[in-house]
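Below is one structure, written out as structure tokens; the observations come after it.
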Amino acid sequence: MKEVARHVVLPFFAVLAFFGCEKTPAPPSASPPATPSPAAANLASPATSPAGESTGDAEKTLHIFCWSEYIPQQIVEAFSEESGLKVSVETYSSNEEMLAKLFAGGGNYDIIQPSEYVIEGLIKEGLLTPIDHARIPNMKNLAPEFTNMSFDPGNKYSVPYMAGTVGIVVNSELVQDDIKGYNDVFQEKFAKNIVVLDDAREIVSWGLESLGIPVNEVSDENLAKVKPVLEKWLPLVRVFDSDSPKTALLNGDVALGIVWAGEGAILLNEDQKFKWIVPADGAHLFVDSLAIPKSAKHVQNAELFINYVLRPNVSAKISEAFPYLNPNVAARELLTPAQRNNPASFPTADQLANMQTFKDVGEQATKIDELVTSLKAQ
Amino acid sequence: MAVAATTTSPKRSSVPRKYGPMQVERWVFGLWTALVFAFLYIPILLLIVFSFNSSRLNIRWEGFSLKWYAALLENHALLTAFQNSLIVAAVTTILATLLGTMGAWMLYRYRFPFQRTIGFLIFIPMLIPEVLMGASLLAEFVHLLKLPLGYTTLIIAHTTFCFPFVLVGIQARLQGLDPFLEEAALDLGATPVQAFRLIIVPYLTPAIVAGALMSFTLSLDEYIVSVFTTGPQSQTLPLKVYGMAKVGLNPQLNALSTIFVIATVVLVLLSELLAHRKSS
Amino acid sequence: MTADGAASSQAAAIFKRRPGLVAWLVLAPLLAWLILFVIVPTIMLVLLSLGEQKGLGTVHFTFTLKNYVRALDWTWLKVLVISVGYALVTTGICMVIGFPAAYFIGRSSEPLRNVLLTLVMIPFWTSFLIRTYAWITILSKEGVLNALLVSARIIPEPIGILYTPFAAVLGLVYNFLPFMILPIYTSVERLDSAVIEAAYDLGAGPLRAFSQVIIPLTQPGIVAGALLVFVPSIAMFAITNLMGGGDPPTIGDVIYKQFTSGRNQPFGAALGCLLLLIFFLSLWITRRQRAE
């Protein structure tokens, strides 16, 4: 017994004490204290808060459930300080993870951050609270093309946060070819030199686009048409990675790939040798939005937060951290020319016009998953 | 040479030899162990080096900087998450070690109904894919037990996940136990509880320590099960870290790990040296 | 000098007794935990596997077997076989690499023994992701290892070590090695020096000393280590994805995807239950064979 105490318990608690007492003043049960950092002070200045903002719910808390790292910590802290609300942030790394917890009913989330096809489904199943536009005057900052999207006409239930596309990145030092579309990427000469997203829906949509079929028409017939295309493509892929496909490109382990626009923008910022190409066959646009679940307990606080995020300077700060397509035109004006001209972040108007958005495809999702898994395992 | 009882192990050879097989054995295995440690610590050394890298992406060295350490001290969210991880891991270790040790002992020493089935069931938390364990525990916590998600549910989930490791380890050690030892103690008048405390537990100590180390390690890094069973206030470090890969892992993590690794190594060395000094 | 583990457990079997009051008081909470947090969730999983998912996440419990029918397809079974293959290779390599280290640590005297033991674990108290990304930095084409090999003229130009099954196994071995070393250590620690010396005294070379004396004596630890590496590594997919490039897919990844893009949680549960079933069948068969 004494030996156990000596070898395990004591070093153990010594370590705990060392880390537990030293750094964080607040006890673990409290949410991260909103201590203002110098940058946050900038964002919290009352001078920039427009008139007409409501005071929120009686209970001064807000539970945010969002993608990891998608809402910068300093923004949360600044909002918390200015509004006086206690904000807790829980994170997920996929839409379905979020849905699983939402459906389980265990957490009480006031704000969620779903992608477009999920919002469609949530609206259909009546799981979102309608947003009171009167309490979110900053919605006027949104670009017109983002105010009436097919998955949520009139932004009744959601407010676009960040959007993006999926496109081709080429390491021009390793690849001198002129890459224009998906078929240019999947050539024999690039065998085992390609990185793609590990997303069955995405992969199938590229196949469909290369055949000229709209991405949402995933009938069994069309899947059968796409299968031989993918059979040719997938063995050429070296890395399947949805979390950080930029790693393989940065490390020189692959020469080109099809990745998220945000990843592309980071690569372009990192090194001039990377080039971004929007596939000529067609691309699709994804939109991540903020929404309020039906089970939310602090709807007005949530609306306060959404309005806060739509402020130009706040939104610009988000763009700084995540170079995605910012739907906030007022924020775009605050960006540096380099940020605004990053082709991965901001596609041209023609490219945008050509883009489709994913719709929920119901049970075909299962067939898509099976198709890609069986081809991968060959 | 008589074979001594298995609970004591004299380490010194009775016939001192300079280059005998025992010594050769020691050198060869020592070299191998050194190589194994090199293998284990190479990535750790790399991440320590990169914690001083001025560039944000851990790919190229671009210059020495302490800015990540400075930023870390301001990053309350990260530190709180780390603190949560440590607390959850500590409590999990205590519970899992208790469960595992007592479980192994009960299975070894006693006969009770469904014993063999239980021996099979303990493998479930080890084998089952974490997403399934997480989803099923979440469903149970929310719908059956009506427990609010937070530290309690997190610790329950982690303990369930860790205790089979302890149990299997203790079972292995028990297989080498001389059963007559306990009999002898009982014959001399000890109660089963006393026999357990004074004979069995000291014998099991290395396995208990090993089990505790394994539990702590498993709990500290547990991600998927934590996703499903945590509440908003009990975010652990892996939960914070796993989304960071999208924008490139923040070198503040390197700084945190560096501090933790160095602190634990120093603490372990100190505590062992002090204990050794006291006893010798 | 036979494995006295066998003799010991035979003797122990004779001494097994029925629990008294105190023993039941200890047994009760253990059983309660087992029932509440292992058996009940498993039953819920089986129920889930008999259902169907509609829409975004609502599952209808229709008590259908169609998920299992679908699971018994070579597409999925092949993935299962691949995963078990990876697990076996990992376990084998861990055994070979880990045994000598565990032996050395177990035979060391205090305080070296405890220091080394804890030092084995400390690297794994860093976050899994940064550890793995450190390996990626080392193994990438522009990474440390390739740089060393090229400058030492061993290879003409950088080779793609990463995103291969080799790298996946390397990652798996790295993460599971401590779980092989620690159980073997607990068996080595109780070895009596006198026994080993006697083996050498009686003329056994190191090979015979090990194969006929030491390994049989440490067999429980080796088996425990093998279990603690093999079993969890079957469903482990984060490592194979990150370091192996996600190709070929593993059963853990496939099941995880059913909860995300696959939109078919019941199917994922069915695959999981199938895995459990196959495992328990194998375990049962092995135990029966050993009893004979």
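Each reported figure results from applying straightforward, stated rules to the coordinates on display, with no laboratory input. Note that the structure is predicted; figures quoted are calculated from it, not measured. Backbone-built Cβ (ideal geometry, glycine too); neighbour counts: all protein chains shown.
In table form, for the structure just shown:
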item	result
Alpha-carbon centroids, the range A:110-143 and the range C:166-191: separation in whole Å	50
Karplus (6.51, -1.76, 1.60) ³J(HN,Hα), θ = phi - 60°, over the range C:28-35, in Hz, Gly and Pro reported as x	4, x, 4, 5, 4, 4, 4, 5
Distance between modelled label sites at B:E183 and C:E157, nm, 7 Å Cα→Cβ extension	7.3
The range A:193-254: GluC sites (Glu not before Pro) in DSSP loop, at most 14 other beta carbons within 10 Å	A:E217
Sparsely packed trypsin sites (Lys or Arg not before Pro) within the range B:146-213, loop by DSSP, other Cβ within 10 Å at most 12	B:K146
When each of A:K101/A:K225; A:K273/A:K367; A:K86/B:K67; A:K275/B:K240; A:K232/C:K257 is checked by Cα-Cα distance, pairs over 27 Å	A:K101/A:K225; A:K273/A:K367; A:K86/B:K67; A:K275/B:K240
Euclidean distance of C-alpha centroids, the range B:53-121 and the range C:78-135, integer Å	16
Per-residue average of Cβ from other chains inside 10 Å of C:97-110	5
Average partner coverage of B:96-108, which counts Cβ from other chains inside 10 Å	3
Cubic angstrom per residue, convex hull over Cα atoms of the range C:99-176	122
Relative contact order (percent, whole number), the range C:220-292, Cα cutoff 8 Å, 6+ residue spacing	17
Contour minus Cα-Cα distance for C:L77 and C:K54 (0.36 nm per residue)	5.8 nm
Largest-first principal axis extents, alpha carbons of the range C:20-83, Å	51, 31, 19
Highest average packing first - A:306-312, C:250-256, Cβ atoms within 10 Å	C:250-256, A:306-312
Theoretical ellipticity at 222 nm over the protein assembly as shown - DSSP helices of four or more residues, -39500 (n - 2.57) apiece, nearest 500	-17500 deg cm²/dmol
Sum of side-chain charges, A:V215 neighbourhood, beta-carbon under 11 Å (Lys, Arg +1; Asp, Glu -1)	-2
R0 of 56 Å, Cβ-Cβ distance A:A338-C:S109: FRET efficiency to nearest 0.05	0.35
Karplus (6.51, -1.76, 1.60) ³J(HN,Hα), θ = phi - 60°, over the range B:119-132, in Hz, Gly and Pro reported as x	x, 7, 4, 5, 6, 4, x, 6, 8, 5, x, 4, 5, 6
Check: the protein assembly as shown dipole with +1 on Lys, Arg Cβ and -1 on Asp, Glu Cβ, in debye	2800
Ranking of B:I128, A:I112 by count of other Cβ atoms within 10 Å, fewest first	B:I128, A:I112
³J(HN,Hα) computed for each position of the range A:235-250 - Karplus, 6.51 cos²θ - 1.76 cosθ + 1.60, integer Hz, glycine/proline x	x, 7, 7, 8, 10, 9, 8, 9, 7, 8, x, 5, 4, 4, 6, 5
Residue order, fewest to most beta carbons within 10 Å, for B:W61, C:W135, B:W68	B:W61, B:W68, C:W135
Residues A:T366, B:T229 arranged by fewest to most Cβ contacts within 10 Å	A:T366, B:T229
Cubic angstrom per residue, convex hull over Cα atoms of the protein assembly as shown	176
Antiparallel DSSP beta bridges within the protein assembly as shown, as percent of all bridges there, nearest 5	60
Shielding by partners, peptide C:176-184 (average Cβ within 10 angstrom, other chains)	5
The range A:56-94 and the range A:326-358: distance between their alpha carbon centers, rounded to Å	26
Within straight-line cross-link reach of C:K66, aspartates and glutamates at Cα separation under 18 Å, skipping those fewer than 8 residues along the same chain	A:E363, A:D369, A:E370, C:E52
